[in-house]
Amino acid sequence: MYAVLTTGGKQYRVQEGDVISVEKLNAEVDSVVELTSVLVVSKENGDLVVGKPVVEGAKVVAKVLSQGKAKKVVVFKYKPKKDYRRKQGHRQPFTKLVIEKIEA
């Protein structure tokens, strides 16, 4: 059984027990979050339920493992022959989740 859910503007295909990194959620470590924007649910007998746009009554229950930041991305701007250079770094925050249950 799997589900396709959307959070943070991205879509994830998840099964029970999967560990995923999503855009930062305002949740404490070891807390439980419910993700209700489920687009597709695959039942155990092979049936596929597709939502319009979401599946009614479906939700994914996940536990927050950690909050963190991704590796640094360096943004370097310059204009040739004009002595213009700017260096900036960015680390995107994320939340690591473990999928506990898919309810449909």
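What to note about this one:
- Beta carbons closer than 8 Å, at least 6 apart along the sequence or on distinct chains, pair a first residue in region 57-81 that is free of Cβ contacts under 8 Å to residues at least 24 places away in the same chain with a second that is among the charged types (D, E, K, R) and surrounded by 11 or more Cβ atoms within 10 Å (Cβ to Cβ) for LYS71/ARG91; LYS72/ARG91; VAL73/ARG91.
- Complete set of residues in region 58-71 that are over 13 Å from ALA3 (Cα atoms) and surrounded by 10 or more Cβ atoms within 10 Å (Cβ to Cβ): LYS63, VAL64, LEU65, SER66, GLN67, GLY68, LYS69, ALA70
- Flag if LEU48 is loosely packed, with under 15 Cβ neighbours inside 10 Å, under 17 Å from ILE102 (Cα atoms) and either within 18 Å of the chain's Cα centre (by Cα) or of a type in the set (A, V, I, L, M, F, W, C) (or both): yes
FYI, it's all coordinate maths here, none of it is from the lab. On a predicted model such as this, the values are computed, not experimentally measured, just so you know. Cβ atoms come from the backbone with ideal geometry, glycine included; neighbour counts cover every protein chain shown.
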